[in-house]
Every structure is written in structure tokens, then in C-alpha cells.
Amino acid sequence: MTDDAITSNDDLPPCPPILLGIRAALGQSLLEEILSSKILLIGSGGIGCELLKNLALSGFRHVEVVDLDTIDVSNLNRQFLFRSVHVGMPKCVVASEAALRMVPPPPPPPSPPPTPTTRSSQAAAYLPHHGNVFDNSRFNVPFFQKFALVLNALDNVAARRRVNRLCLASDVPLIEAGTAGYLGQVTVIDRRSGTECYECQPKPTQKVYPICTIRSTPSQPVHCVVWAKELYRLCFGPKVEDSMLYEDEEGLRERREGDDDGDGDGDGDEKKDDDGRRTTTTGDEGSADVAAGGAKGGGGSSAYMGAMTDLRSLLGVDPASSPGSSSSSSSSTSPTPYDVASAVRSKAREVISALFVTEIEKQIGMGTYRTADRAPEPLSSSDVDSCRDVVPSPTMRDGCAPTDVWSVRECVAEIASCLVEVAENAIAQDPTFPLPEFDKDDDVAMRFVTAASNLRSYVFGIEPIQSMYDAKGMAGNIIPAIATTNAIVAGLQVLQVFHVLRAQLDVKKNGGEGGKLKECCRYIYCLRDKTRKGYLLQPTTLPDPNPECFVCRNAIVSLALNTNEWTLDMLLKRVVKKELGFAEPTVMIGEDIVYEEGEDIDPSEYAANLAKKMVDLPGGGAGHGSVLRIEDFTQDLEVEVSVSHRDCWVDVDEEKGGEAKDDGRAEMEKFEIGGKKLVAATAASSDSMKGDSVSAESDGFRAASANEGEDVLLVEENYVPRGVNEDSKMPAQTSSEHGNGSKEQLKKRAFADQAENGAKKAKFNVEDAKKPDLSEVMS
Amino acid sequence: MVQRADSHDDVYDRQIRLWGADAQKRMSSARVLYINLTGVTCEIMKNLVLAGVAAVVCDDRPYPEAVREMPCSFFHAEEMEKAMLPESNEGEPEAKKAKRIPATVASAIQSKVEELNPLLSGRNSIEERALTSLPDDYFSQFDAIVASRLTVLEAKHISLSLQQAEVGKLFIVTDTFGFDGCAHLDFGSRHTYRRELGKDKLSDLLKIEPYISMADMLDAPLAGVKGRWDKEVPRTLVLQRLLMDYWGRSKNGQDNETQRFVEFSKEWLSLNNLSTVGESLDLNQLAVIADHPEVSPVSAVLGGILGNEVIKALTGKGEPANNIMLFNGFDGGCRSFLLNA
């Protein structure tokens, strides 16, 4: 770096004072590169603000910033270019303006003759692009090729994958970073230098819970929070059938069968100490009990759907769907608010009673908990009576705090008061009504979910009962974020920028191919506890690409699934788009195009193929042994998928010594890519495939809710730094003899993808990672 | 509706979820003294003020001259250059001009710190007296002291004042120079902390072992310094001490020239029996860096690392770095090193 660093300021062109330090350290020629290079920054949140400051104060004059987001009050503790007056404004616009003010003005012109006009003497410009990096009409390969390099400051895996691919396709170096709490990492991805790309390592997959665990056999607070979010959807969602708790007569039968499968399945994934209590349930016994228990439910065989349907029409969620309802939101028949409140309270009592008494009794009657350590206890009717406004709702009390823990009766009262509030807003035609999707920042939504979740915890004896603050962390998958970690990784990123520009300058001066970033750039981990040798920031060499990476190595992806059951549509949604991250795929079998999409493509052209089973597709079908070719022009991505047919799916549970058992997953979840379950994580999938929504963070590897486009914490449980170069001769660190380098410590190290809204504490994730009670089984 | 006590919980939500409400409470009631603003101390201050820790700035150097080269987010280069121009606002009476342009760095930064976190409104302050005129018992009122561009004498004086007051307060002396940065950290002899052992688990109270005061660190002969992983004294540590002495000597503003620096360095290295270390240094290049030492991202990284150390001191959570922090901006490595006096 100091090759041509200067040893005197004599005879050098004038320089803005704040850049004298840069020039002293980097030299005049690199300073000129800095002044003239164009930099693309993706993301202007926590890391992005810090990057913009460093870039401006280092003299960069041409920076473009892409960000979709607007400013929230919870950003203000670290995104320091924002003030409370900016809340609600686009981040990239406010951040660009603030950073531009920090750019030093060009130095006073030397006495004549004036220097010829170069880009560095043009006005500095920090250009915001308020938009989504997935917008291919704006952010595509030609756009990326305008820049010397790209800086990622993103908070989700999906956008990172997109930028990774665009950078690879454009041959532009990418400097990637992420943080979660105290942990973070920085790396440089450059195709020509033969570095690992963002997708070379599998990204841990999203946490999902077996449906039966959520619906019938919760054992942890998070199960109840997930259930409560589903209940929220059942009460307020635009489509009641989207809720996992939805039951109709036909579905109920199917679901019961599914439950029984699922029960066995879920047990395998429960903690060992739970083994004894539920493993013996068999489908046959269960079915018999269902018949017996089913009669208890009012309004058909569901214990609660009848009351729920009434409630929804009372709330105005389903305007005209229920003939039995006496209320609607139309003004002519609208009852007075008082009437609404009492009608809602009485209906709320019915619903709560159905959910927390009748349904629980029904499940007990079905024998669901016969072998459980502790059977659930339905609420007493006096508890349920708290609906009738006898107990004030806990959030109405003076001095209530988000960290309060509510009693059973307070939870009941809170649910009732949420429902009344929603109904009254409906009548007032509040434009924010109805509440379409759960939003952790919506006060009513969080109160409702907290209360409902806790009631379920009380019924099932699950501890601890959550405060609203705790429930919000779980329900919203919030990942902690602090100013210091963001400052550290952003600073390290800009130090990598200097190396990249130096290497590019060398190519300009001396010719050559470039591609030598491994010599100067580093993969750097930001740790909470120092390593054995005292490192808090641990540099390692840039890793080699994974030869099996389909993104940067064009590796063939092997895919196993039931080719007789999977349709092209399923394949596209679940595998091609969600798993492999294709945006506009073209699918070919041999020379035949079986599917194509994109701007100029008529969607009807291949519509007929979508419903076809894979084996029935044109071109000979995509049966066992066939090879699919999938292309995505927008990402310059081509991949060959080698298909093998597999119709027998069992779950091998290593915790139980490899015992295999039947797999209760939906067909769409039964597939295997590259010999492993998943190639890469897929946050921010916009597909609302049923089941996505039941995921909730809490496993150690991961944190984000896909639905909310939020991101993840990736903690490698057995992480060992690669090619550690503490003293440039130190071997990879594996020792555990000291506290600092102990296994516990190593587990804590994270690939932490900046996760503004994602999950829980990093250390929590590590802890949770050790629990074998989480499963990827779905529906 | 849940009553929001204030927007405190909303603004600090993401960090309270990391270190807990109790730690936040301690931070929110703490005050940190910053002596002499540089890129790295400004970064520490920015991080801590955002996190809710009040700042007291002690810097009586003239604004903007003293900070013209400082890359920090508080002062904009353009403003400073305008303030430097003698012909700006011609005819303006000197008195009025003096009022318009704050005289000291501390007074210039006051409103900018205030603006950064309105929740701290009224809790930040400035100290415009010269460092040398502050009474001995002045320093012990703060929960931590973060200083830059101190002379060894000044640092020792503060260290002794803190020892006399018998308070366990963190005292950091840090500087960056080119790609490197270094800090001396004295957490106070009475500091106790708890290690983080996992999910909400903390260790029993631990003391810093071995404890070496700032004064003792600065008295230790560098030539004899070794570490478990270092056969000889780390180069970055030598550089910080060399520069502290060099800057201290030239504090009164004489023009620094390459030759003068080289001569000073040679003499200093030989006086400290560090001539062998000196052989690996490019003193000519170092001379330019000594005059223009600050690089924005280097300040940012070290400022983040040291910000975390201050938070550890304020909350008593996490193992403190004992007692030298070394940052190498070239490879991005940052490690703590034990200077065993």
C-alpha cells in the first residue's frame, strides 16, 4: 500500500486539508483514483450511513446509492445521518445529501495555468436511487458496469444474492459486509481474482416449525408467538384460509390426518427430554379420538371456526360473507359504538372460550396429550369472563410499560380491547383498517399477539410468559444493531476499497489482467471476544470459490424430487425462483424451451406447461436422469439441473441415531438440491406460498422472516477461521485450550449479515443452535 | 394504548435488545470526557452519543485551524475552509467575526453533538479551560476519559489524578497515524466486569488481571516489552509513543519538516534502545504521516473498537481489552496486547 506513498509534500498539486492524511498514507496517484472513481453503494441503512461518511471524508466524489427503505425511529441509534425530522423519508436521499456536505471542496486552484478539467474537478455528486435493486429496468449489468466497485450494505440475503450475481456478471468487484449485534464480517468478491462468491457457501435456511407443534403441541414461547400471529391472520387477515389455524370441514379431515403424521414427525425433532411423552401417538388412535372429540366443537367439527366467522363479520373483515351476522360496516345499519363494543366483547368471549377452552378440551379428548408430561389446562370460565370489561386491559393502566408481564385475565382483557378497537376503527372508517398483515410496529397487532401468545403459554404451562417487548423481538424477528459494529465493518470496507483501487490503478499503469485482489484484500471477522492471540478483528485470506457453486462456477445442480407429482409450476416457484434465486427463468429440456418469462414474453405461451407434471413436459419430459437447462438473462446466469426421481422421503434424525421415519411434509417441500436440503437461504421471497408465514426465527443459524424481507444472522456452529494470518504464519485456529479460543467462543463467531429487523441476540442464536428441537418440517 | 415513556425505548430498541435495559440505564446516566478531538475520538464520541452516552468535550485548541485536517462527520470541510479565509466578510468587525466563528474546537462542536442525539439534550457540555489549568480532582467526575494527542506528561498527570481519587474509571489514550492506530487502555484498578457466557448468562465478578495503570504503562521501558505472541515490542505501539513525544515537542506550532522528524526519531529510538525496531521504519515516509496522520476509515474502525471498550467499562459486561489495542489498517487486523510493566 505504501509503494508510492509520498515522502514529501513538495511539488505536489494542492490538496484539500482533510485529504492530506489520505495522501500521506496512500500517495498522490491513488488519491487521484479516489477523486475520480465511481462507486456504487447498495443500501443506506446502518452500514450504508457509515460507508457514506467514510467515502465522503476520504474524498470520493462520485457515489450512487440504491435503497428502497424509508427512515424509522428505531434507526436513529446508529444511522447517524438521519434525524427525527427525517422519519418517513427515503434513506438514500437523506443520506446522500448529508454525505455530500462532508465531501471536501476541491482545493483552491493553483495560480495559473488552470489544470485541465478532469472528472475529479467536476462537482461532487452523491446520487440517490430510491428503488429496489431487483428492478431490472434500472439496476442491471450495464448499470453496474459504470462503477469501479460496488459496496454492499444490505440487510437481507435475497438482495445480496442479486447484487452478487450482477457484480459477477458485470465483472465488478463487490465489497460485502454484514453485522448482527457485536458480530460482523467484511469480504471482497471478485470473479477475476478467484474468490468465493456470496453464494459459494450455503446460507442457513429459514426456521420453520412443524404445523402440529404450532397447532397442537407447543413447548416453547416462540411456538405460541407463531400461533398468535396465525390467530391474528385468522381474525383480521384478508383471506381467512391463509391462516394455518383455518379449519373447514373438508380441510379438517385432511388436516387431522396430517396432524397425526406430523405428531410423530414433530416428536423426532423435539428435545430429547420430551421423547417420552409423545412418541407413541399413532395415526389410528388419533383418528378415533378425533371422531369423539370433534362433536364438541360448535358450528361443525371445528371448535372455533364458527365463532371466528361471526367475529370477522362483526369486525367488518368479511363484509357480506356471513348471513348470520347482525352487523356490518355499512352506515345504515351500523350500531352505535357502545353496541359494537358490547357485541364485540360478547363475541370475543365466545372466541376465547372456543380457542382456549373448547379446542383444548377437544385435543385432550383426542388423546393428543396422553403421554405428555403435562397436559394443557383450559382457561376457567371466570378467566374468560374478563372479556366483559371487568378487568381493565393492561395497556390502559397508568404507568404500564412494554416490559410488563400480563396475568391470564389481563391477557383476556387485552384481546377483547384490541378487538373492540379494531371494530370501532372499522366503523369510523379508519383508513388504516383493516389490518392486512401482521406488523410488529403496529401497536394493536403487537398487543393482540402478545396477549394471545401468553394465554396459550398459560394453558400449556410454557414459561417464561413474554412481555410485549420480548414478544415483539420474537414476532418481528428483530436483530439487534449497534453503531460501533456498523462503524467497524464500514471502515474495513473502505480500507478494502483502497486496496481494490490500488490494484485497478496497477493494471492501468502496468497492464495485466488484474484479478489479484487476494494479495491485498482480506476476509475480516469482527468478534465479540478476542481470539487466543488477542484479535477482535481477525483478517483471513479471501476464500477460494466452492467448485460446486452454481452461481460462480457454473456447477451442475443436482435435484431430487418426485417427478410424477411435481408440476412445472411447483418447480418454478419452489426451486427455480425461491431456492436458486432466478428472476426471469427460461427453462429448456434439450433444445425445447418449456418455459420463458420476461418483458417481451407472452405469458400465455407456456401457460399450458405450468400445470403439467415434470415427466409430461415437452422435449421428452423432465424425468429421472434428465437435464434441465435454466437461464436468466437478467443475471447472466445459466445452470444445468440434473434431475433424479425420488418418491420415497424419510426424515433421518441424527439426534436419534439415524432412525428414519415417515415424512409428513407437503410435496413441495420434498426435494433435495445438491445432496443437501438447500443451496442458499431465500429471505424476502414474495411468494406467499402457504407455510412461509409460519416460520419464525429462533434457530441458531438464522433469523429472518422471509415474508418481511428481513435478514438473518448466520452463525456457523463449528466455525473455524480459514487461513488465519495473524502473524502471517499462524495456522488456522482450532485450539480450544484457552477461554478465548474455546469452542464456545468459536461458536459465537458469526457471519453476520446486517440485519436491521431480523432476529434475536447473536448469542441467543448460538445457544438455540445447540437445541435439537427445531425442525425444518413443514405442513 | 401502551404509553411510551418517551421515545427513548424506540430509539434505543435495537441496542437494548443486545445489552439489556439495565446496561442501557447505566450508559444513559454516564458521562464521558473527550480530550482533544481527532478523527478517532470523534468516532468514539459519535458512536457513544448515538448510543445514549453524554459527552463532555475538552479542547481549547483554536477552531478551525486545529481540526482542518481532521476527517470527522461533525465538521464540514467546506465550512472550515470558509472560516479560514481571511478576506471573508470584508469589513466585518473583528469582534463580530469572532462571535460568528467559535474560538475553540470545543465550542465549535457543541451544537453538533447536541444535534446528534436530542435525547441527550442538556446533558452534554464543553470544557473550554486548557487541560493544564484543570484541577486535579476534575477528572474523576467522569465515567470514562477518551483522549488523543496527549503528551506522555499530560497522560501521566491524568492517570495519577484518577489513582488519587481511587475511582475505577476507564482512561483511553489513542492516536491514529496513516494506516495504523493504537490505544492505551486503563480501566481503573477497581474495575470489575462479568464475562458473557451465553444466553443471558454472566460470569461472577472478575477483576482485571494484571492491572497496570496508565502512568505505569507509560513509564515501562518499551525496549523490554514482549508478549506471548510478540518477540519484541509491537511496531504500532512504538509508533504511537514516538509520535506522542514528537507531537508533544512540536505542540507549539513550529513547522515540521521531514529532516527534523527524522533526526528526532533517530534520537528518540536510540534513547529508548529501540534502534533495531527503527531499522524497519521508513522514517521519511513516517515524517509525512506524522504531519498528516488521519485517514477516515482508520479512525472509523478503531473508533468502533474503542467505543465497544467504553461500553464494556460503563456496563461491566464483556471482557475488557487489557491494555494496548493495536490496529493495522492494511490488513484490517485489530488485537489487544498486554503491556506488562
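The values are calculated or read from the model by the stated rules, or taken from the named source; none is laboratory data. Given the structure is predicted, the values throughout are model-derived calculations rather than measurements. Cβ: placed from backbone, ideal geometry, glycine included. Neighbour counts: every protein chain shown. Side chains included, ligands, DNA and RNA excluded: accessible areas come from the protein's heavy atoms. Shrake-Rupley method; radii C 1.70, N 1.55, O 1.52, S 1.80 Å.
In this view, the solvent-accessible surface of A:ILE593, computed with a 1.4 Å probe and all protein chains in place, comes to about 70 Å². Taking all protein chains together and a 1.4 Å probe, the residues B:ARG123, A:ARG78, B:ARG228, A:ARG522 rank B:ARG228, B:ARG123, A:ARG522, A:ARG78 from largest to smallest accessible area.
Taking the Cβ of A:PRO128 as the center, what net charge do the other residues with Cβ under 11 Å away carry, scoring Lys and Arg +1 and Asp and Glu -1?
Within the 11 Å Cβ shell, the charges total -2.
Is the C-alpha gyration tensor of chain B telling us rounded, prolate or oblate? Criteria: a/c under 1.5 is rounded; beyond that, a/b larger than b/c is prolate, otherwise oblate. It comes out oblate by the Cα gyration axes. Taking Cβ separations below 4.7 Å as the criterion for a possible disulfide partner, the isolated cysteines in chain B are B:CYS58, B:CYS182, B:CYS334. Farthest towards the positive end of the charge dipole of chain B, among the residues B:LEU18, B:GLY198, B:LEU162, is the Cα of B:GLY198, using unit charges on the Cβ of Lys, Arg, Asp and Glu.
Here the spin labels are modelled as points 7 Å beyond Cα on the Cα-Cβ line, and at A:GLU599 and A:GLU513 they lie 3.4 nm apart.
At q = 0.15 Å⁻¹ the log10 of I(q)/I(0) for the stretch B:161-282 amounts to -0.85, computed by Debye summation with a single uniform scatterer per C-alpha, solvent ignored. Between B:ALA223 and B:GLU267, full extension at 0.36 nm per residue minus the direct alpha carbon distance yields a gain of 14.4 nm. Each stretch of four or more DSSP H residues adds -39500 (n - 2.57); spread over every residue of chain B, this sum gives -12500 deg cm²/dmol at 222 nm. Computed over the stretch B:219-341, the P(r) curve from all C-alpha pair distances, binned at 5 Å from the origin, holds 2, 9, 18, 20, 19, 18, 9, 4, 2, 0 percent per bin. With 28 Å as the limit on Cα-Cα distance, the pairs of A:LYS518/A:LYS578; A:LYS203/B:LYS199; A:LYS53/A:LYS578 that go past it are A:LYS518/A:LYS578; A:LYS53/A:LYS578.
Buried accessible surface for the A/B chain pair comes to about 7400 Å², total over both chains, computed with a 1.4 Å probe.
Quick one: net charge around B:VAL301, please, counting Lys, Arg +1 and Asp, Glu -1 for every other residue with C-beta under 15 Å from its C-beta. In short, -3. Comparing the full protein assembly with the isolated chain, the residues of the stretch B:317-340 losing at least 30 square angstrom of accessible surface (1.4 Å probe) are B:GLU319, B:PHE330, B:ASP331, B:GLY332, B:CYS334, B:ARG335, B:SER336. Step through the table entries A:LYS229/A:LYS613; A:LYS229/A:LYS362; B:LYS207/B:LYS266; A:LYS577/A:LYS613; A:LYS440/A:LYS577, compare each Cα-Cα distance with 29 Å, and write down the pairs that go over it. A:LYS229/A:LYS613; B:LYS207/B:LYS266, as the Cα separations exceed 29 Å there. For chain B, hydrophobic long helices are taken as DSSP H runs at least 15 Å long by C-alpha position along their axis with mean Kyte-Doolittle hydropathy of 1.0 or more; these are B:39-51, B:296-315. Given axes a ≥ b ≥ c from the Cα gyration tensor, I'd like to know whether the stretch B:203-246 is rounded (a/c under 1.5), prolate (a/b larger than b/c) or oblate. Note, shape of the stretch B:203-246 comes out prolate.
Round to a whole angstrom and tell me the spacing of the C-alpha centers of the stretch B:101-121 and the stretch B:7-78. What the calculation gives is 11 Å, centre to centre.
Computed on protein heavy atoms with a 1.4 Å probe, the accessible areas place B:ARG129, B:ARG241, B:ARG194 in the order B:ARG129, B:ARG194, B:ARG241, largest first. Per the 1.4 Å probe, what fraction of the accessible area of chain B, in percent, lies on carbon and sulfur atoms? With neighbouring chains kept in place, the figure for chain B is 48 percent.
B:CYS182 exposes around 0 Å² of accessible area when a 1.4 Å probe is run over every protein chain in place.
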